[in-house]
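The values are calculated or read from the model by the stated rules, or taken from the named source; none is laboratory data. Source: prediction; values computed, not measured. Remember, those area values only see protein heavy atoms, side chains included, never the ligands or the DNA or RNA. Shrake-Rupley method; radii C 1.70, N 1.55, O 1.52, S 1.80 Å.
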Amino acid sequence: MLTKSLFCKALYTLLGVLFLSSASLNAQNGLVLKGGANYNYLGYDFEEGYGDRFGYTAGLAGLFTVSPSFIISPELAFSRRSIELFTPVYLDGNPSFIDTDVRLGLNYVDVPLHFGYGYLPGSEGAPEASLLLFYAGPQLSFLTSQKNQLLVNNNKIDLGEFDEIRNTLIALNLGISAGIKGFYADLRYSLPVNSLLKGDHRGDGLTTMAITIGYSFIF
């Protein structure tokens with residue numbers, strides 16, 4: 001699973017960087033180092049049976065100006081997402097889960113490709129030393145590992161990995177990035193396309209909202 005995810009990640013990133021580098025030659029470009037928190041829940045409207053949890057994320061994003069207002073931003077990030085399942089008897093068909101809760105800790109390599117409207121510091125007609133970008137685009141997330149726990153009477157018991165969880169998630173990201181004099185902030189909503197569990201036919205996806213801060217290098 002890890003080998004497959006790293007291969008897909010590397011191939012996806014390489015193709016994106018090669019294309020963007022040629023498309024944005026002699027244009028204003030940038031690189032962003034960032035990290036922050038994410039908020040996760042299953043379903044599209046906080047359905048019963050699931051508990052929301054916070055996690056964290058860190059990564060690297062490119063900013064490539066294709067036209068004065070059109071920017072393409074490939075990204076590579078690591079994210080830890082966590083949720084709680086209440087009495088999840090469908091995991092492994094284990095009857096011992098009937099009166100207990102399970103906390104999932106899921107580690108992903110995220111590879112988004114964003115298309116945005118905005119400007120970078122130094123762009124013609126843009127405010128001095130400022131960055132603004134409204135963006136949207138697809139994201140592939142590759143599961144690298146799991147750290148799951150069984151919650152019983154305020155005690156936490158380590159569990160193994162669940163085969164029922166998909167190895168690859170697909171999402172559509174919507175967000176806004178802003179910055180001034182190198183300082184960078186990003187707010188993002190990630191809408192799931194497929195469900196988290198292989199056997200889940202109700203379409204319960206892993207929805208994520210994230211806020212990150214960092215530093216942008218413009219060149």
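The shape of the stretch 160-219 can be summarised by an equivalent ellipsoid whose semi-axes, obtained from the alpha carbon gyration tensor, come to 33, 12, 8 Å from longest to shortest. The convex hull built on the alpha-carbon positions of the stretch 91-215 has an orientation-averaged projected area of 9.7 nm². For residue 137, nonlocal amide neighbours, meaning residues 5 or more places apart or on other chains whose placed amide H falls under 5 Å from its own, are 115, 173. If the chain linking residue 185 and residue 150 were pulled fully straight, counting 0.36 nm for each residue of separation and taking away their Cα-Cα distance, it would gain 9.1 nm. On full extension, the segment bounded by residue 219 and residue 31 gains 66.8 nm, given 0.36 nm per residue less the C-alpha separation. Only protein heavy atoms count here; under a 1.4 Å probe, residue 188 has an accessible surface of about 30 Å².
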